[in-house]
Structure formats: structure tokens, C-alpha cells
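S.K.: Quick one: the structure is below, questions incoming.
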Amino acid sequence: MLRCLLAVALASTAAAAGWQPHHAAELVQTAKFLGSAGKGILAADESTGTIGKRFSSIGVENNEVNRQKYRELLFRTDKIEQCISGVIMFEETLYQKTGDGVPFAELLKHKNIVPGIKVDTGVVELPGTCGETATTGLDGLAKRCARYYQAGARFAKWRAVLRIDEKRGWPSKLAMQDNAWSLARYAAICQSEGLVPIVEPEILMDGPHSIEHCAKVTEEVLACVYKALSDNHVLLEGTMLKPNMVCPGSECNKPCTTAEMAYYTVQSLRRVVPTAVPAISFLSGGQTEEEATLNLNAMNSITSLSRPWALTFSYGRALQASALKAWGGKDENAAKASQAFLERANANGQAALGQYQGGAGGADAAKTNFVKNYAY
């Protein structure tokens, strides 16, 4: 009851400042639940092409039957609801069912996990630049969001992609402004149809840049994004942020410690992310499973900087890599794969509380997930 009253109060406060989405109270409640203590989000929204690349690494044919089997394995994992609050799905997956005919959205809701949906349609080269990108998918988005809401989805995700290249001056102001505006329009449209928007301005790890430069760019990008969100009257209490961690580039010859990464990341977020945002769920960005967990744990263990938002995870590769390998496309390996998935999800749930001790998953968890110029 207290949570419901708080949601209504926050929504009413936002309404006093201007436009209010019809689902304001529900949006605030959903966003707060997604950021629940000790829980995070499973990003299972790989496109058909991307999941095909993952399947090829284990010798599994990329067809709808295998995609359904794999996702059902993840979603049915026993006790996963103890550390997973939401699942982002690809459109095909949202409308799929379990082997015994239960829609995936219903299965997840029964486990007290919020179904979510990826709504962008990929990236294209941004006109007026020499290779920077813009994300597509705004055309017809309101109608699609309405359908997704009817199918059971209660939150959405849109990924903007930016790259650091100091010689070229990337990301350019044009790229930052265009992607920020698209994220803001997406967020406003989602809220108008009842979906909590996860705002994802990803700065890729590619390049030789330092952690200091990554921090500077991250702050510039996020400042641009929150200006656009404000201009579009987005209810921040009914959103989540999914940013990159502040790290040196993949080709940087000056590595940083976990503690340094945690400090730079939290410091940058404190400078630009409003306290009205309930939760920040990090992307893993190609880190190994263990790196992503240890880095999240370090951020939640900092005592020198306050954290006004929940800091949690929204991982894809960093939650699934070991489970996918354990499964290998074989039904007899399902229990083994579920256990690997649960072990890594539990580790990240502990990290979201700053209580992870390390060591989950063994050697497999230390294998790289980095893909240059990653797209999905």
C-alpha cells in the first residue's frame, strides 16, 4: 500500500509540472520494482541474426524451435525470480509459448518477473557524419507499444550506439543530439502507452581512449540525454537508465583497477543523472561474466560517494555465456544450463547489494565476451 501511495504521489508531482502519461502511477511502480534490491534484468532480446551467431558458437541450428527451447530454459529456471526482476525480449519471443502452451509473458508474470520488449529496429549511418550511427524505430512505435502492452509487456528498451574516436572527434555533437532526441521521443511514446522506457545510450568500449576520456564523454552524452528527456516531458520516476560503465577503451595500454572503474562510473553518474531516476541497470558491454559482476559489486561497495539510485544489472552475454555453453543445444543438458544461469544471476544479485565474494562460474566466467563494434 505504501509503495502504491508513493507512486501516486510522485506521479502527481510530475503532473503538476506539465504533461502526465495516463499510466503514470503504474509506470512509477514498475520502474521501482525493476530496480528492487538484489535483483536485475535479463537481456534476452537478441535479434534472430544475433542469436544465430551465439548458436553457431555451440554448433546449434538457428531456427524458431531452438530459439524457443533456449529461452524457455532460461525463463523456467527454478528460483530465478529471487535475483531477476525483469526480462527484455525480442518481438518473436514475446509471442512465443512454452512447450505446454503457456505464453512466455504469462510464465514470467507467474514468477513475479516483469516482461519487457526491445522496440528499436537497429542502427543506420547518421547522415551528415562519416560513420556514426542513429537508431531507427520511431515510425509506428505507439501502435507497436500498444500491442506489446496488450501482450503483457510492461517495459521497453531502445539502444543508442555511440563511439569514441578522439582523432575524428567522435561522438560528434550531431550524433549525441540526434541519439538523445530519439531516446527521448521513444521514452515519451512508451510512457503514453504504459511501458516503462529503459534509456540506453551505449558508448562502445572500442578504441584506445583512457578512462578519463570515457568519463568525460559519458557525462556529455548523459547530460544531452537528460536535457532531451526533460524537453519531451518524460516522467523520470517512470524510467530506468541503462548506461555503459566508465572503462578505458579495449585497446588502451593503461588498464584500470576495478576500484578505479567503480569510482569513475559512480562519479560521472552523480554529476548528470537526476535523483528522480529510480534505478540504473548497467549493460555489460562485452566484459567477461566475472568482470561484469565484480565491477557492479565494486560500485555498490563504494563508501566515499553516495548513490541516490539503485545500481543493478541488465546483462545479456554476461548472464548467458556459461549457460549457453552448458546447454549446447541438447535437451539432456537443460538442468546443467539452468544451474549455470542461476549461479551467475545469483552472483549479480549479490553484486547489486555489494555482497559478492567472487569465484562464481569458475574459469568459464573469465572468458571474454567482447565483440568489436558490437551490434545486435
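The values are calculated or read from the model by the stated rules, or taken from the named source; none is laboratory data. Everything numeric in this text was worked out from a predicted model, so none of it was measured. Positions of Cβ are generated from backbone atoms using ideal geometry, with glycine treated the same way; all protein chains shown enter the neighbour counts. These accessible areas exclude ligands, DNA and RNA; they are computed on the full protein's heavy atoms, side chains included. Shrake-Rupley method; radii C 1.70, N 1.55, O 1.52, S 1.80 Å.
S.K.: Being touching a helix residue (DSSP H, G or I) at 6+ places or on another chain (Cβ under 9 Å) and of a type in the set (S, T, N, Q) is the filter; apply it to region 213-256 and report the residue that is nearest to F33 (Cα to Cα).
M.R.: Across region 213-256, the extreme among qualifying residues is T239.
S.K.: Being open to solvent by less than 40 Å² (accessible area, probe 1.4 Å), in a loop (DSSP other than H, G, I, E, B), within 19 Å of A160 (Cα to Cα) and touching a residue at least 40 places away in the same chain (Cβ under 8 Å) is the filter here; which residues of region 202-256 pass it?
M.R.: L204, D206, G207, N232, V234, T239, K242, P243, N244, M245, C247, G249
S.K.: From the set of residues in region 36-92 that are aliphatic (A, V, I, L, M) and part of a helix (DSSP H, G or I), which is nearest to G286 (Cα to Cα)?
M.R.: Per the stated criteria, the residue is I51.
S.K.: Just for region 1-35: of the residues that are in a loop (DSSP other than H, G, I, E, B) and either modelled with pLDDT under 50 or open to solvent by 20 Å² or more (accessible area, probe 1.4 Å) (or both), which one is nearest to L319 (Cα to Cα)?
M.R.: Only one residue fits best here, namely H23.
S.K.: Between a residue in region 22-33 that is in contact (Cβ under 8 Å) with a residue 24 or more places away in the chain and any residue that is of a type in the set (K, R), which pairs come within a Cβ distance under 7 Å, given they are 6 or more apart or on different chains?
M.R.: Close Cβ pairs (under 7 Å, with a partner that is of a type in the set (K, R)) amount to Q29/R3; T30/R154; K32/R3.
S.K.: Answer yes or no: is there a residue in region 116-127 that is of a type outside the set (D, E), surrounded by fewer than 17 Cβ atoms within 10 Å (Cβ to Cβ) and closer than 20 Å to F282 by Cβ.
M.R.: no
S.K.: Moving on. What pairs come up if the first residue lies in region 37-52 and is free of Cβ contacts under 8 Å to residues at least 12 places away in the same chain, the second is of a type in the set (S, T, N, Q) and surrounded by fewer than 17 Cβ atoms within 10 Å (Cβ to Cβ), and their beta carbons are under 8 Å apart, counting only those six or more places apart or on different chains?
M.R.: Final answer for the pair search is G52/N62.
S.K.: Check A259 against each of (1) open to solvent by less than 10 Å² (accessible area, probe 1.4 Å); (2) more than 22 Å from Q191 (Cβ to Cβ) and name the one condition it does not meet.
M.R.: Of everything listed in (1) open to solvent by less than 10 Å² (accessible area, probe 1.4 Å); (2) more than 22 Å from Q191 (Cβ to Cβ), A259 misses just condition (1).
S.K.: Now for a separate question. Please verify whether N112 is over 21 Å from the mean Cα position of the chain (by Cα) and either in contact (Cβ under 8 Å) with a residue 24 or more places away in the chain or within 24 Å of L241 (Cβ to Cβ) (or both), treating the condition exactly as stated.
M.R.: no
S.K.: For region 177-224, which positions are among the polar types (S, T, N, Q) and out of contact with any strand residue (DSSP E or B) (no Cβ under 9 Å at 6 or more places or on another chain)?
M.R.: Passing the criteria: Q177, S192, S210.
S.K.: Quick check: is even one residue across region 168-176 open to solvent by 10 Å² or more (accessible area, probe 1.4 Å), in a strand (DSSP E or B) and modelled with pLDDT of 95 or more?
M.R.: yes
S.K.: Moving on. With the requirement that a residue be surrounded by fewer than 22 Cβ atoms within 10 Å (Cβ to Cβ), touching a helix residue (DSSP H, G or I) at 6+ places or on another chain (Cβ under 6 Å) and in a loop (DSSP other than H, G, I, E, B), what does region 139-163 give you?
M.R.: Passing the criteria: A151, G152.
S.K.: Could you check how many residues of region 82-106 are open to solvent by 20 Å² or more (accessible area, probe 1.4 Å) and more than 27 Å from A187 (Cβ to Cβ)?
M.R.: Summing the residues that are open to solvent by 20 Å² or more (accessible area, probe 1.4 Å) and more than 27 Å from A187 (Cβ to Cβ) in region 82-106 gives 6.
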